[in-house]
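What follows is one structure encoded as structure tokens, with my remarks underneath.
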Amino acid sequence: MDDFLSLAVNIAYIGLLISFLSAIVRMVLGPTHADRVLALDLIGFVTISFIATYTISSGQTAFLDIAITLALVAFLGTVAFVKFMKTRLAQTHNQKEDESWKS
Amino acid sequence: MHWPIDMIVLTFVIFCAIAAITVRDLLATAILFGAYSFMMCLLWAVMGAVDVAFTEASVGAGVSTVFFVAAVFRTSRRTKD
């Protein structure tokens, strides 16, 4: 591996680790569920790019299959959470309407 | 220059696990467990276990998060009666 590629991989590692750290901080501190879901999505895509960078730095192409599988699967959790929050919001909205109608 | 990637990611994993058992919200616990699963997948890949990372990516990160969210959604905090 030549020097420029090694430098680029190191810079990519630094950026990805900083991105991991900031996403985890937002996920632990996050006041609402939307913050946590977005942080989970960010962690998924940072993991994909981390595995791709590790494929470049190690030179074994077998790791790229893991990145492809993660990219195929990473959106499922976000979709499930969005469906959950949509149903829960509709329920609370209906309850508020019922209470206002009663009073 | 060699990076201690596995040590740094393992620190994140432990942080995520402690947060998942500390936070007082079931949905947040499910989200933190999803992040834990993603990082464990990365850790298996860095350790060189390709097939374990494959299984963790498809089952742990994809399906089990959806199952946890569905289980939280279908149960309630208090009993009906």
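Mind checking which helices (runs of 4 or more DSSP H) fall wholly inside chain B and carry at least 3 residues that are under 24 Å from A:ALA52 (Cβ atoms) and more than 7 Å from chain A (Cβ to nearest Cβ)?
Values: elements: B:5-22, B:26-47, B:50-55, B:64-74.
Counting at least 3 such residues, we get B:5-22, B:26-47, B:50-55.
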Inset, instruction - Could you grab the pairs with beta carbons closer than 9 Å, sequence gap of 6+ or different chains, first residue in segment B:33-52 and among the β-branched types (Val, Ile, Thr), second one outside any helix (DSSP H, G or I)? - result: B:VAL50/A:GLN60; B:VAL50/A:ALA62
Inset, instruction - Evaluate the following for B:VAL52: is it in contact with a helix residue (DSSP H, G or I) (Cβ under 8 Å, 6 or more places away or on another chain) and over 21 Å from B:PHE15 (Cβ atoms)? - result: yes
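Just to be sure before I move on: is A:THR61 at the interface with chain B (Cβ under 9 Å from one of its Cβ atoms) and either in contact with a Pro (Cβ under 7 Å, 6 or more places away or on another chain) or β-branched (Val, Ile, Thr) (or both) in the structure I sent?
Working: at the interface with chain B (Cβ under 9 Å from one of its Cβ atoms): no; either in contact with a Pro (Cβ under 7 Å, 6 or more places away or on another chain) or β-branched (Val, Ile, Thr) (or both): yes.
Here the answer is no, as A:THR61 does not meet what is asked.
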Inset, instruction - Out of the residues in segment A:1-29 that are among the small types (Gly, Ala, Ser) and surrounded by fewer than 17 Cβ atoms within 10 Å (Cβ to Cβ), state the one that is nearest to the other protein chains (Cβ to nearest Cβ). - result: A:SER6
Inset, instruction - Output the residue which, of all residues in segment B:1-33 that are charged (D, E, K, R) and more than 22 Å from A:ALA12 (Cβ to Cβ), is surrounded by the fewest Cβ atoms within 10 Å (Cβ to Cβ). - result: B:ARG24
Inset, instruction - Starting from segment A:8-27, keep only residues that are farther than 18 Å from A:LEU38 by Cα, then list their pairs with residues that are not in a helix (DSSP H, G or I) whose Cβ atoms are within a distance under 9 Å, requiring at least 6 positions of separation or different chains. - result: A:VAL9/A:MET1; A:ASN10/B:MET1; A:ASN10/B:TRP3; A:TYR13/B:TRP3
Inset, instruction - Go through segment A:30-51 and give me each residue that's touching a residue at least 12 places away in the same chain (Cβ under 8 Å), of a type outside the set (A, V, I, L, M, F, W, C) and facing chain B (nearest Cβ under 7 Å). - result: A:HIS33, A:GLY44, A:THR47
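Every number in this text was worked out from the coordinates using simple rules, so none of it is lab data. Values in this document were obtained by computation on a predicted structure and should not be read as measured data. Note that we place each Cβ from the backbone using ideal geometry, even for glycine, and neighbour counts take in every protein chain shown.
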